[in-house]
1. Restricting the search to region 115-135, which residues are at pLDDT below 95, surrounded by 14 or more Cβ atoms within 10 Å (Cβ to Cβ) and either polar (S, T, N, Q) or not in a helix (DSSP H, G or I) (or both)?
2. Among the listed residues Val48, Val71, which satisfies the condition of being touching an Asp or Glu at 6+ places or on another chain (Cβ under 9 Å) and modelled with pLDDT of 95 or more?
3. Taking the conditions exactly as written (modelled with pLDDT of 90 or more and crowded, with 17+ Cβ neighbours inside 10 Å), does Phe196 satisfy them or not?
4. Any residue in region 143-157 that is over 30 Å from Arg39 (Cβ atoms), touching an Asp or Glu at 6+ places or on another chain (Cβ under 7 Å) and touching a residue at least 12 places away in the same chain (Cβ under 8 Å)?
5. Do we find a residue being part of a loop (DSSP other than H, G, I, E, B) and either farther than 17 Å from Gly87 by Cα or of a type in the set (A, V, I, L, M, F, W, C) (or both) anywhere in region 183-201?
6. What number of residues in region 92-107 are outside any loop (DSSP other than H, G, I, E, B) and surrounded by 14 or more Cβ atoms within 10 Å (Cβ to Cβ)?
7. Name the single residue that is farthest from the chain's Cα centre (by Cα) among those in region 136-163 being at pLDDT 95 or above, of a type outside the set (D, E, K, R) and surrounded by fewer than 18 Cβ atoms within 10 Å (Cβ to Cβ).
8. Which of (1) surrounded by fewer than 22 Cβ atoms within 10 Å (Cβ to Cβ); (2) of a type in the set (A, V, I, L, M, F, W, C); (3) in contact (Cβ under 8 Å) with a residue 60 or more places away in the chain is the odd one out, the single condition Ile73 does not satisfy?
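The values are calculated or read from the model by the stated rules, or taken from the named source; none is laboratory data. Since we're looking at a predicted model, the values are computed, not measured. Cβ: placed from backbone, ideal geometry, glycine included. Neighbour counts: every protein chain shown.
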Amino acid sequence: MLNKLAFIERDKAYILDGLSNHNSDPMRAEPSRQLFSTRTLSLIVTIVAINLSSNYAMIGIPNIKFMDLFVFISGYLMGAIPGIMVGILTWLVYGTLNPYGFNLVILGATCLGESIYGLVGWLSAKFGLGSNLPSIKLDDEAFWWTNLKFGIIGFFLTFIYDLFTNIVSVVIVGLPPIMAIIQGAPFALAHEISNFFFFFFGCSILVTSIKKIMFEGGERKI
């Protein structure tokens, strides 16, 4: 009889313990995990602020902006998601508070198009483009070949971005897509050529400089 009561008490305790664990707060059961480091979040906010300030400062120059370069560098240094975030956050503000007007469909298209820069920036780093930058000097031929690769990437990314956003812009007003190419050609060309030079002269220097800041204090990744 005593053995039977002991088994009953043991099973009761087991059941109560199980119910207690089941109803416990899962947030307390496991330590919280931060998606991004504080340094990454700070860099995202800083680059978005740079994009916005430079965009508004250059608002009188159509399609010539530093934003695409900085979104690309964000993806290159921090990864695809932070790079995409920088592009989308920049456009959510600049595309909404813009003297040229606001259109929700176009805003969605620009956010999506801008994300490509962050994604390809991450892919460029993943495939080793510019990995030799810390070890080469300005007068080294390899430095300028790397710059040329960055410039070509910037040109073709901008071509894709312009083609996509221009087609969306004319389709929503009922015009054929070919009109996007014809009407947008001068602005697209200015955008693509300027981005070639921004990427050519800016990528290597900015990547090297920001990496030095990021790695201060012994932190080797963000």
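1. Matches in region 115-135: Leu129, Gly130.
2. Details: Val48 fails: touching an Asp or Glu at 6+ places or on another chain (Cβ under 9 Å).
Matching residue, one of Val48, Val71: Val71.
3. Values: modelled with pLDDT of 90 or more: yes; crowded, with 17+ Cβ neighbours inside 10 Å: yes.
Yes.
4. Taking region 143-157 first, the residues over 30 Å from Arg39 (Cβ atoms) are 144-145, 148, 152, 155-156.
Subset that is touching an Asp or Glu at 6+ places or on another chain (Cβ under 7 Å): 155.
The next check asks that each one be touching a residue at least 12 places away in the same chain (Cβ under 8 Å); those that pass are 155.
Yes; the residues of region 143-157 include at least one that is over 30 Å from Arg39 (Cβ atoms), touching an Asp or Glu at 6+ places or on another chain (Cβ under 7 Å) and touching a residue at least 12 places away in the same chain (Cβ under 8 Å).
5. Going through region 183-201, the residues part of a loop (DSSP other than H, G, I, E, B) turn out to be none.
No, that holds for no residue.
6. Pass one, region 92-107, residues outside any loop (DSSP other than H, G, I, E, B): 92-94, 104-107.
Then keep just the ones that are surrounded by 14 or more Cβ atoms within 10 Å (Cβ to Cβ); that gives 92-94, 106-107.
Count: 5.
7. Leu148
8. (1)
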